[in-house]
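**Q** Next up is a structure, given as structure tokens.
The values are calculated or read from the model by the stated rules, or taken from the named source; none is laboratory data. This is a predicted model, so every value here is computed, not measured. All Cβ positions, glycine included, derive from the backbone under ideal geometry; neighbour counts span all protein chains shown. The protein model used for the area step is the full one, side chains on, heavy atoms only, and it has no ligands, DNA or RNA in it. Shrake-Rupley method; radii C 1.70, N 1.55, O 1.52, S 1.80 Å.
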Amino acid sequence: MSDTLAPRRYSALTRSLHWIVALMVLATLPIGGIMVQEGLSRSTQDLLFILHKNTGVIILALVLVRIAWRLATPTPAMPATMPDWQVRAARAAHVALYGMLMVMAISGYVRVRAGGFPIEMLDALGVPSFVPRSDSLAETAQTIHRNARFVLVALILVHIAAALQHAWKRDGVFSRIWPPVGGKS
Ligand code: HEM
Ligand code: HEM
């Protein structure tokens, strides 16, 4: 699609999904960190684990919808003033963000299922486990889940800094994804 035909901003579905997933991830990260701390009461810890696991599964589902929708719909053109290297860096960072969200959600899922623990929402829906029960698999997934979060947090910080810098310059990049609903494409 040529630049002249490309929309100015992402579709309302892409924008609303971006902000819903962003809010869920920004809540899930600290909840994950807090729930593994010593000294919490059993009931608080159980509640946080239930919240974390089930939000994580919803994030996984929304990210899959987002990637499918992203591939099926046209992408708005980047402002002509943006240097090539920045366009390439932004694309690479977005792919890495999608990738790390998948790594976090899948490793969390495998850690819980291979460990033989429940995921309340999926259990209520009768969705069976997709991985076998295995302590070594659960341990590997746990190590990945614990370490990958540092990469995800670093990417998010760089992403937010870049987004705010574009918002400050008003070069049209921020308005590609804002407002979450409404506004012409
Ligand atoms: C994008 C989604 C997710 C993010 C950003 C995320 C983030 C985190 C973080 C930051 C921790 C704390 C790690 C630590 O301090 O040791 C954690 C722990 C944990 N998460 Fe997630 N998580 C996500 C998805 C999931 C999912 C889908 C599940 C399971 C269905 C899950 C299950 C767990 C469990 C069981 C722990 C405790 C790990 C342990 O055994 O130490 N997470 N998560
Ligand atoms: C956990 C938080 C977040 C995640 C995981 C995330 C992820 C993403 C991803 C993957 C894209 C690429 C969209 C695509 O082309 O498919 C994107 C675009 C964008 N995000 Fe975020 N985002 C987060 C938070 C934020 C925040 C807090 C801001 C603003 C301060 C923001 C501003 C933007 C902007 C301006 C774009 C459009 C950039 C462009 O089209 O080049 N994001 N985000």
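**Q** Pairs needed: first member in segment 92-111, more than 15 Å from L62 (Cα to Cα); second member anywhere, of a type in the set (A, V, I, L, M, F, W, C) and away from ligand 2 (no atom under 11 Å from the Cβ); C-beta distance under 6 Å; at least 6 residues apart or different chains.
**A** That search, which allows pairs on different chains as well, returns S107/A141; S107/I144; V110/V131; V110/A141; R111/A138; R111/A141.
**Q** Here is a follow-up. Mind listing whichever residues of segment 143-169 are more than 12 Å from ligand 2 (Cβ to nearest atom) and more than 15 Å from the chain's Cα centre (by Cα)?
**A** Residues satisfying the conditions are T143, I144, R146, N147.
**Q** Additional query: Of everything in segment 130-162 that's without any contact (Cβ under 8 Å) to a residue 24 or more places away in the chain and in contact with a Gly (Cβ under 8 Å, 6 or more places away or on another chain), which residue is most open to solvent (accessible area, probe 1.4 Å)?
**A** Filtering segment 130-162 for residues that are without any contact (Cβ under 8 Å) to a residue 24 or more places away in the chain and in contact with a Gly (Cβ under 8 Å, 6 or more places away or on another chain), the one most open to solvent (accessible area, probe 1.4 Å) comes out as R133.
**Q** Scan segment 31-53 and tell me whether some residue there is under 20 Å from S175 (Cα atoms), at pLDDT 95 or above and either away from ligand 1 (no atom under 16 Å from the Cβ) or of a type outside the set (F, W, Y) (or both).
**A** No, segment 31-53 contains no residue that is under 20 Å from S175 (Cα atoms), at pLDDT 95 or above and either away from ligand 1 (no atom under 16 Å from the Cβ) or of a type outside the set (F, W, Y) (or both).
**Q** If the requirement is being away from ligand 2 (no atom under 16 Å from the Cβ), aliphatic (A, V, I, L, M) and over 17 Å from R146 (Cα atoms), which of these qualifies: L40, L23, L48?
**A** Residue meeting the stated conditions: L40.
**Q** Tell me which residues, restricted to segment 159-185, are within 16 Å of V25 (Cβ to Cβ) and either polar (S, T, N, Q) or within 16 Å of ligand 1 (Cβ to nearest atom) (or both).
**A** H159, I160
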